[in-house]
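Q: Quick one: this structure, given as structure tokens, is what I'll be asking you about.
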Amino acid sequence: VVPDPAIFFLSDYGNADEFVGVVHAVLHRMAPSIPAIDLSHQVDPFDVSGGAAMLARAVPFLGHGVVLAVVDPGVGSGRRPIAVRTGGDGPYWLVGPDNGLLIEAAHVLGGPATAFVLDRQRLTPQWSPSGSGPTFDGRDIFAPAVAHLVTGGEPAAIGTEIPTETLVRLDADSPSSRPVPGPEAGTAMAPVTWIDRYGNVQLDLLPSVLDEMGVGANDRVRVTLGSGPDHVLFRRVRAFSDLEAGEFGIVVDANGRVALVLDQASAASRLVGTDVGVTVSLVPVDESTHER
Amino acid sequence: VVPDPAIFFLSDYGNADEFVGVVHAVLHRMAPSIPAIDLSHQVDPFDVSGGAAMLARAVPFLGHGVVLAVVDPGVGSGRRPIAVRTGGDGPYWLVGPDNGLLIEAAHVLGGPATAFVLDRQRLTPQWSPSGSGPTFDGRDIFAPAVAHLVTGGEPAAIGTEIPTETLVRLDADSPSSRPVPGPEAGTAMAPVTWIDRYGNVQLDLLPSVLDEMGVGANDRVRVTLGSGPDHVLFRRVRAFSDLEAGEFGIVVDANGRVALVLDQASAASRLVGTDVGVTVSLVPVDESTHER
Amino acid sequence: VVPDPAIFFLSDYGNADEFVGVVHAVLHRMAPSIPAIDLSHQVDPFDVSGGAAMLARAVPFLGHGVVLAVVDPGVGSGRRPIAVRTGGDGPYWLVGPDNGLLIEAAHVLGGPATAFVLDRQRLTPQWSPSGSGPTFDGRDIFAPAVAHLVTGGEPAAIGTEIPTETLVRLDADSPSSRPVPGPEAGTAMAPVTWIDRYGNVQLDLLPSVLDEMGVGANDRVRVTLGSGPDHVLFRRVRAFSDLEAGEFGIVVDANGRVALVLDQASAASRLVGTDVGVTVSLVPVDESTHER
């Protein structure tokens, strides 16, 4: 049996204005039986790479359905509105601007299979104000496209296929573009990808890299942020509660990445200079010496 | 076929307390099959005119259903709880306090056809605490009324008809009360009606006024805020992306109104003294001179 | 007829990250036909007693369904994941960590009837990353348990019964633990339990205590915060609108508790030192004297 689909909605619209509610209303008008689930609308305004990272973190857990993602500094420009088809058990269409927002999530879901550029004229509902400029594509193009696709409509009815190789990717030096870190003279380098509400600092680093460096449970690591000379000692633990009060820890987080944490406190606010994109270096401590 | 109705919920309740969730729970108890869509709950506390403007902007896009709107500084006073019937394809009932919050949206929807004052005794559910004061009418009166009306209940069963002429309107000098601006010695005057999350500054001004003043694409306009002597030059463009970095622009926004903008930055934070209600004057620049 | 159940979701996850959306997606995957209603996700991080107080305030109004509550500083520690069965017409299961978050609400609902400790292995879905630590139990344990219970699953299939006497309660000196205030030499003492968005200050005090002290409508009360020597005069009124501008008032709030308020303004911001947990003393004013 095919599971019930849902719509998964992420944006930088915020919750103070009516943008999110109006898009939900359009989705309900055009696909009334499909639930629409908000991921978050508090991506920083115009922060495409932050939105892309959030979407990539979320998609493995969402299940069957269609993603509507709008962080769109180029709205009204030549940037293409797109729908990207993916395989696997998760969301099978990703809809939004062709600015790199969708592509990382598409790769998490097995890669883009096909892609379509959406046709503004065929999508804009009759109730959209004809005189207004193209400033609210979430309402006028993307939500109608999502409603069409989630109810089984053909993509060719609302757009034109384009080669997936032409999809815009985020710059290589953008924080979320996942440079592969590796042990180099015993050091792992990785950028900060996310600081969450609790102040946990996620790195673009898989725990297997720590394993290869010989950093196991309870082993300590010297962590340096950016180019600063100072380092802080962290202990690798299984859970927050394994830490003493005020002790810095390294855990594997809920996305399977390495994160720098404190127990019941914000690691980010204690680590001066921490920010998304800053590079962190980690060096195992030789426990046979008495370094502190 | 009649489309599936929804409930559209706007308030100044915020999202930090449980108010919004409790009202949703009451709606679900009393109208379990009807989806309830949040427009926004971050209207400034007690800001009736801000809520009224938001509701008026949103209603053209909502479709079939019932509006629940609560910005209610007079809760517990003599102000009447009301339901207003409107025509057309959009929401057909607006429910909330009779303090001007609903009336502008009703006019956008074709005007109030009939109105009822709601009967507290007949509406308050048995689970509401009998000893408490009338401080949470959203939970105790408005949500039950919305559930009754959206499921096809007769308005006469929960209230008494009143003449629509008696409905409270916002003061004439309130910012959202839409004074009609017009070209006067070549100048358009219009109040700021909204500053959105991105810092775009919406004016209560239709683009046709600019057209009549001879301001076309790429033409420049001198904009003065309030009574200040200084002005700023703006260029009329079709989309944000037509602007250079840091260049002020005039666009037609997603509600069909004139807005003062920057590309990927906040115009409001760059224009000293901008606030909702401040009057803006716009004077076309004679492009045959070399004014800058 | 049994009413349609819903899921009621409260947490300290905030709305800036994707946590809430991911949990909703898991609930939809596992219980697609059950609506999930957000109470609030802006409980202060790790504030178990604040979350417990919010949940206890909300449950009388929610109706049939299952509560999912996550404020969980001890995630990954030995604290037990639990499901608590309650009687009555409201929510009949409360699911979350065994840290006191659920117990006050359970008592509001008639007390815990049975309780189960949840089995992590049987609950964690196959899509959860096997390598990650136990840092997101809302997604990996609690949401699956809620989906199981709200769709009629047997609790014994996902956990083991435990005596309700073993459930963790909040400390006696925690602000939400409801010490019974009473008239003592004509004085009522009560802690502040909540400051809401509007700045209303709720006390853990029933209006019957004021009645017993002889404080009726329009009577005045001297209110002292904490151990300070200063007091402020309040007038007992029925509704905010009975107050003059700037006059402090005492009302019975929407939860049937005594609250300190101003009309259309924040009482909390005007009362220096007000905070959750601070003790407030109230002394009736002898109206035969001319105290001011």
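The values are calculated or read from the model by the stated rules, or taken from the named source; none is laboratory data. Just so it is clear, the model here is predicted, and its values are computed rather than measured. Note: ideal-geometry Cβ built from the backbone for every residue, glycine included; neighbour counts use all protein chains shown. Only protein heavy atoms, including side chains, enter the accessible area calculation; ligands, DNA and RNA are left aside. Shrake-Rupley method; radii C 1.70, N 1.55, O 1.52, S 1.80 Å.
Q: Quick one: of the DSSP bridges fully inside the protein assembly as shown, what percent are antiparallel, nearest 5?
A: So the antiparallel bridges amount to about 70 percent of the total.
Q: Once you have all Cα-Cα distances for the protein assembly as shown, histogram them in 10 Å bins from zero and send the whole-percent values.
A: Over the protein assembly as shown, the share of Cα pairs per 10 Å bin runs 2, 12, 20, 23, 22, 14, 6, 1, 0 percent.
Q: How big is the range C:1-73 by the Kirkwood estimate over distinct Cα pairs, in Å?
A: The Cα-based Kirkwood calculation yields 12.8 Å.
Q: Rg and Dmax in Å for chain C, alpha carbons only: what are they?
A: Looking at chain C, its Cα Rg and Dmax stand at 21.4, 73 Å.
Q: Let me ask something additional. Going from most exposed to least, what order do C:THR124, A:THR274 have by accessible area with a 1.4 Å probe?
A: Largest accessible area first, the residues go C:THR124, A:THR274.
Q: If you don't mind, there's one more thing I want to ask. Most fluctuating residue of B:VAL221, B:VAL108, B:VAL232 in a GNM of chain B with Cα springs under 10 Å: which is it?
A: Result: B:VAL232 has the largest fluctuation of those listed.
Q: Using alpha carbons only, how many degrees (0 to 90, rounded to 10) separate the axis of helix B:19-30 from the longest principal axis of chain B?
A: So the inclination is approximately 50 degrees.
Q: Also, I was wondering about something else. What residue in chain B has the Cβ closest to the axis turning B into A, and how close is it in whole Å?
A: B:ASN15, 4
Q: Continuing with the same structure: Hey, got the dipole for the range A:1-95? About the Cα centre, +1 on K and R Cβ, -1 on D and E Cβ, debye to the nearest 20?
A: That gives the range A:1-95 a dipole magnitude of about 360 debye.
Q: Let me ask something else. Antiparallel versus total DSSP beta bridges in chain A: what percent is that, nearest 5?
A: Counting only bridges with both partners in chain A, antiparallel ones make up about 70 percent.
Q: Another one. Might you work out the accessible area of A:ARG270 for me, using a 1.4 Å probe with all protein chains in place, and round it to the nearest 10 Å²?
A: Surface accessible to solvent at A:ARG270 totals approximately 130 Å².
Q: For chain C, what's the relative contact order in percent, using C-alpha pairs closer than 8 Å and at least 6 residues apart?
A: 14 percent
Q: Rank these by accessible area, largest first, 1.4 Å probe: A:SER40, B:SER266, B:SER227.
A: Per-residue accessible area, sorted high to low, gives B:SER227, B:SER266, A:SER40.
Q: Is there a simple number for the mean count of other chain Cβ atoms within 10 Å of the Cβ of residues in C:237-247, and what is it?
A: Mean inter-chain Cβ contacts per residue within 10 Å come to 3.
Q: While we're here: Tell me, Kirkwood radius of the range B:1-148 from alpha-carbon pair distances, in Å?
A: Averaging 1/r across every pair of different Cα atoms and inverting gives 15.1 Å.
Q: Okay, moving on. What gaps in nm, shortest first, separate C:THR187 from its twins in the other copies when you place the label 7 Å past Cα toward the beta carbon?
A: Distances between equivalent label points, in nm: 6.4, 6.4.
Q: Sort shortest first the distances from C:GLY216 to its counterpart in every other copy, using label points 7 Å along the Cα-to-beta-carbon line, and give them in nm.
A: 7.8, 7.8
Q: Ordering B:THR151, B:THR193 by accessible area with a probe of 1.4 Å, largest first, what comes out?
A: Largest accessible area first, the list is B:THR151, B:THR193.
Q: Calculate, for B:THR166 and B:SER227, the FRET efficiency according to 1/(1 + (r/R0)^6) with r their C-beta to C-beta distance and R0 45 Å; round to the nearest 0.05.
A: Calculated value: 0.75.
Q: Given the options C:GLN126, C:GLN202, C:GLN42, which has the most mean-square fluctuation in a GNM of chain C, springs set between C-alpha atoms less than 10 angstrom apart?
A: So, out of C:GLN126, C:GLN202, C:GLN42, the one fluctuating most is C:GLN126.
Q: Considering only the label points, 7 Å along Cα→Cβ from Cα, what distances in nm to one decimal separate C:HIS107 from the same position in each other copy, shortest first?
A: 5.4, 5.4
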